[in-house]
Amino acid sequence: MELEYAAEWFKYADMDFMTCEHLLSMHPKPLEIICFHGQQSAEKYLKGFLIYSGTAEPPKTHNLDTLCLLCAEYDDRFNEIIKACGVLTQYGTQPRYPNEMEITENDMQKALEYVRQIRDFEPLLKIRNEAVQSDNDENGV
């Protein structure tokens with residue numbers, strides 16, 4: 001059950017990340033929206049890990065530092081991505097409103113680098129691969 005529910009969170013995280021990649025082709029690039037979806041993607045990857053690890057429902061927070069620390073209670077390797085989480089947290093709410101923060105192209109590139117770091121982080125990647133394999137097995141693929 002945890003794997004299936006975690007897989008749903010990972011699926012939504014992947015969709016947020018694909019949205020970032022799609023928006024990169026726009027001119028001008030919507031930097032704030034790309035950073036927002038990047039933060040949302042990272043948040044969902046972390047929440048998926050928490051669910052897989054036994055948390056019935058992840059906390060209702062956009063603070064990636066908090067989520068990362070909770071993940072570290074299950075696997076201390078999450079301390080390796082705390083900086084990425086700290087940077088991305090600011091994009092969870094502020095860029096959604098005018099005049100809240102000014103984001104540069106460099107900020108956006110760094111944010112996406114951090115999202116990729118979280119997406120490809122070994123403990124998360126292992127569970128994501130397990131979830132995909134389980135889904136393929138269930139669907140006879």
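The values are calculated or read from the model by the stated rules, or taken from the named source; none is laboratory data. Here the structure is a predicted model, which is why all the values come from computation and not from measurement. All Cβ positions, even for glycine, are placed from backbone atoms using ideal geometry, and neighbour counts span all protein chains on display.
The table that follows gives values for the structure above.
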quantity	calculated
Scope the range 1-42; condition farther than 23 Å from residue 90 by Cβ and either charged (D, E, K, R) or over 12 Å from the mean Cα position of the chain (by Cα) (or both); matching residues	1, 2, 3, 4, 5, 6, 7, 8, 11, 25, 27
Every pair of residues 6+ apart whose Cβ atoms lie under 6 Å, when the first sits in the range 1-14 and is under 12 Å from residue 46 (Cβ atoms) while the second is surrounded by 22 or more Cβ atoms within 10 Å (Cβ to Cβ) and among the hydroxyl-bearing types (Ser, Thr, Tyr)	6/52; 13/41; 13/45
Output for the range 25-50, where each listed residue is modelled with pLDDT of 95 or more and of a type in the set (Val, Ile, Thr)	34
Cβ pairs under 8 Å, 6+ apart, first in the range 24-43 and surrounded by 13 or more Cβ atoms within 10 Å (Cβ to Cβ), second charged (D, E, K, R) and at pLDDT below 95	32/96; 36/96
Filtered residues of the range 114-141 (kept if modelled with pLDDT of 90 or more, assigned to a helix (DSSP H, G or I) and not polar (S, T, N, Q))	114, 115, 116, 118, 119, 122, 123, 124, 125, 126, 127
Residue 84 vs. criteria over 15 Å from the mean Cα position of the chain (by Cα) and modelled with pLDDT of 95 or more	no
Qualifying residue in the range 111-134 (condition: closer than 23 Å to residue 21 by Cα, of a type in the set (Asp, Glu), touching a Leu at 6+ places or on another chain (Cβ under 9 Å) and exposed (fewer than 14 other Cβ atoms within 10 Å of the Cβ))	no
